[in-house]
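Have a look at the structure below, then the notes.
The values are calculated or read from the model by the stated rules, or taken from the named source; none is laboratory data. Owing to the predicted nature of the structure, the values given are computational and were not obtained by experimental measurement. With ideal geometry, Cβ positions are generated from the backbone for all residues, glycine too; neighbour counts draw on all protein chains shown. To get the accessible areas, we keep the full protein, side chains included, count just its heavy atoms, and leave off ligands, DNA and RNA. Shrake-Rupley method; radii C 1.70, N 1.55, O 1.52, S 1.80 Å.
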Amino acid sequence: MLFSRWGAFVYRFRRPIAIATIVLAVAAGAVAGGVTGALSAGGWLDPNSESAHVIERLDDEFGAGRGSLVALFKGQPGSDARSEAFQSDIAASTDRLVADDRVDGIVGYAQTQDDRFISTDGTSAYIVVRLAITDEESVDEMDQLRALFDPPQASKLLLAGVGPFTEDQAGQSEKELLQAELISGPFALLILLAVFASVVAAGLPLLVAALTIPTTLAALFFVAQATELSIYVQNVATMLGLALAIDYSLFMVSRFREELRRGRSVESAVQIMVATAGKAVAFSGLAVAIGLSGLLLFEPTALRSFGIGGSLVVAASVFYALTFLPAVLGMLGPRVNALSIGGLVAIIRRAIGRAPAATGAPRVSRWERVAHTVMARPFVFLIPTLAFLLFAGTPFLRLSQGIPNASTLPPGLESRDAAVALEDEFAPGETSPITILATVQGDPTSEANIVALSSYAAQVEAFDGIDRIEGPFSHLQNPLTGADATPSEIASAYAAPREQLVPELAAALDRLRDAYIRGSVVRLDAISPIDPISPAGTAIIPEVRAVAVDGVTTEVGGLAAQGRDFMTSQSATIPWAVGITLGASALILFLLFGSVVIPIKAVIMTLLSITASFGALVWIFQDGNLSGFLGFESPGFTIAGNPIIMFSVLFGLSMDYEVLLLSRIQEAYRRTGDNTASVAEGLTKTAGVITGAALIMVTVFSAFALAESITIKSIGVGMAVAVLIDATIIRVLLVPATMRLMGRWNWWAPGPLGRFADRLGFSHAEDEDLEEADTGDGSGRPIGDPSAGLARP
């Protein structure tokens, strides 16, 4: 009765509630404008990982080198990048940059005379800008760092690295979100018009979304003052805000109009709507929030941001669905059907002199025909459907995940073009080495330690994915013989007074010590030609970490190690996130329906639909199928993080449809006690709404298929496939077939659990159907015992 009382309360104070919620949304809109500046484009680093500790040690022990930028100076055909004029132009372009406190220095051809900084055709050069801040911190500083470069005269400047890539990725994501909204909005309105056949009713879900989204963004602004939130959380807030607001509004407006058609007063219609559809929305929102809150278990703040943002979206959507919407419906009453499409058609027919279309006898709904067909032959639908879903999910068994890099962005973006040029035109692997911090006992330049460190470096260098190791003992030669110096000779050279050495050798040793040695810690850079954030690049890290030499303790960092640690952290957390999501959702369904069978079946059905969509994700984007049709080039792997984000969102959305369908089935079953008829009735009453909501979601998500970046495109396509499968194959075919076969066991629970659920009183029952909803005195209050007829089967 809690929700019924709330419905009565909202109707009684409908005008002040409507005004208050609008004022709240307007005030939130004023705050929401500042959310972008409060968010971070980073957050993909596990702060507790070994690679994160390496970043901290590089800062604490080496004082610099925490992050880096790569500045590519792309010359014209015929340019000589080694020339003094070209290098002087680079120096002039970076004068102000080098003087900035956030920059520790630059390394390039001018500093080293190393040809690795020169393109293979000799026309271009790059420099590595060593930062005094981390790569993650550089993301928020990119505008200021970029402004410190003066335009070069003889070349074109392009920036690459974590900062430029993340900046471009965020900008591209926002652009594609706006594009998707502009495309999907008109289609969503058309679908709402088709579902409601009324302009007023169709506009209400969009109005609720218009209140939900700014409120969520304002809440994100305040949360971002206390914790780091990813810039991508705006995309989640906008996409889910539109999805959930439309879903919930569809459910509730449809139920309100249904009650009006049955002759209810406006007050009773509002009260019944909140008591039934409103209760389903509240529990559905709780299920969605739980699905998204599983992301809070992950260490990288970007993943946690999706959980925080998603939960705030759910809270705002449910809030407006249970306050603003019933208040407005209470004020509109029958006018919710105003500007009906049927009425407009009739006016047009009369205007052109055609007779109104004959009404005739009521026709059997197509959904009712589908329901009875499924009920009559459950095995005919169950077995092929299960086989199809399992087969569709098989590509997921070969899932291979990789961290997104600049190649996933569209051509024309600076970081993407720079990264591609560095990969194609220069020796690979030079700009993103695997960083190893090796700790020894005593002086690293002693002969014993040089032997141990050289042995360690040789073992790492022997791996197929490693070209060479650079460190304080690399490339040192005996000046007399020209041969590589022995450990004894290297130790003697480091120990000798500098005035006793050849000036060039003394200067080289000082540079090496300054760059690679701090106390008993030695930095080694392993150069790998493999893309550091590809699956092959990150796969090298466990091999490097497994190398052990007596007297040497190591920690491994760098971009490849960060990617590996992200994947490891994600893999360790996923079972907990998924388990908690499934368990909590099953608990909510039990409390709502009072059955232990329904939650188990619902979880299995949802997993089947998600697995099939994951199979499509791998088949399309990892394997490269449909790449020509969808306009993308497969990176050869699935973007890391996408599957768990999709799981969390899709599981919650799936619970929306599950709760709506099962609540109507339970209402009918508790009224009639006939399982087959109840399943058919529930499907008949909800299939149209579910299909309409799903079509809108598919339209919204499909709009992301037009995105140019693979990260956004793959999320959009994968989620569109999942919603389509869930709303059609699962809800319309698989769920009714299984419920028909299980009969009254659908609603079974052990005695104590069943009695506990009954005492809570959350189960759905059409208590207004037991007796007349209106007393006849105009009060509109239901009479009779609302718990009558709710005995467990």
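Some points to look at:
- Cα centroid of the range 279-342 to Cα centroid of the range 563-627, whole Å: 21
- Residue among Phe651, Met605, Gly682 farthest towards the positive dipole end of the chain, charges placed on Cβ: Gly682
- Separation between Cα centres of the range 208-224 and the range 449-512, rounded to whole Å: 59
- Put simply, when 665-672, 417-424 are sorted by average Cβ atoms within 10 angstrom per residue, most first, you get 665-672, 417-424.
- Ellipticity estimate at 222 nm from DSSP helix runs (n ≥ 4, -39,500 (n - 2.57)) divided over the chain, nearest 500: -19500 deg cm²/dmol
- For Leu339 and Val420, the difference between the fully extended length at 0.36 nm per residue and the C-alpha to C-alpha distance is 23.6 nm.
- Segment Ile580-Phe388, length gained on full extension (0.36 nm per residue, minus Cα span): 66.3 nm
- Options Gly751, Val502, Ile517, ranked by Cα towards positive dipole end of the chain, top entry (Cβ charges): Gly751
- Cα centroid separation - the range 75-115 against the range 386-434, whole Å: 30
- By average C-beta atoms within 10 angstrom, highest first, the peptides 302-308, 128-134: 302-308, 128-134
- Loop-located chymotrypsin sites (Phe, Trp or Tyr not before Pro) in the range 445-531 (DSSP state not H, G, I, E or B) with no more than 16 neighbouring Cβ atoms inside 10 Å: Phe463.
- Förster radius 60 Å - calculated FRET efficiency between Lys156 and Phe756 (Cβ-Cβ, nearest 0.05): 0.25
- Modelled this way, with points 7 Å down the Cα-to-C-beta line, the labels at Phe379 and Phe13 are 5.8 nm from one another.
- Cα-projected label distance for Leu626 with Asp95, points at 7 Å along beta-carbon direction, nm: 5.6
- Between 0 and 90 degrees, the angle of helix 642-672 with respect to the longest Cα principal axis of the chain falls at about 10 degrees.
- Reachable lysines from Lys74, criterion Cα separation under 22 angstrom, eight or more residues apart if same chain: Lys156
- Helix 559-593 and the longest principal axis of the C-alpha atoms of the chain enclose an angle of approximately 10°.
- Using the average count of surrounding beta-carbon atoms within 10 Å as a protection proxy, the listed peptides 311-322, 384-395, 591-602, 7-18 rank, highest first, as 311-322, 591-602, 7-18, 384-395.
- Annotation: extensible slack from Phe187 through Arg116 equals 20.3 nm (criterion: 0.36 nm per residue apart, minus Cα-Cα distance).
- Asp60-Leu206 FRET efficiency (beta carbon distance; Förster radius 41 Å; 0.05 resolution): 0.20
- Modelled spin-label separation between Ser446 and Val31, with each label point placed 7 Å from Cα along the Cα-to-Cβ direction: 6.1 nm.
- Helix 2-12 axis versus longest C-alpha principal axis of the chain: approximately 80°, rounded to the nearest ten.
- For the chain, the pair-distance distribution built from all alpha carbon pairs, in bins 10 Å wide starting at 0, is 2, 12, 20, 20, 15, 11, 9, 6, 3, 1, 0, 0 percent.
- Around the Cα centre of the chain, unit charges on the Cβ atoms of Lys, Arg, Asp and Glu (plus for the first two, minus for the last two) sum to a dipole of about 5660 debye.
- Using the 1.4 Å probe convention, the accessible area of the chain works out to 40 Å² per residue with neighbouring protein chains retained.
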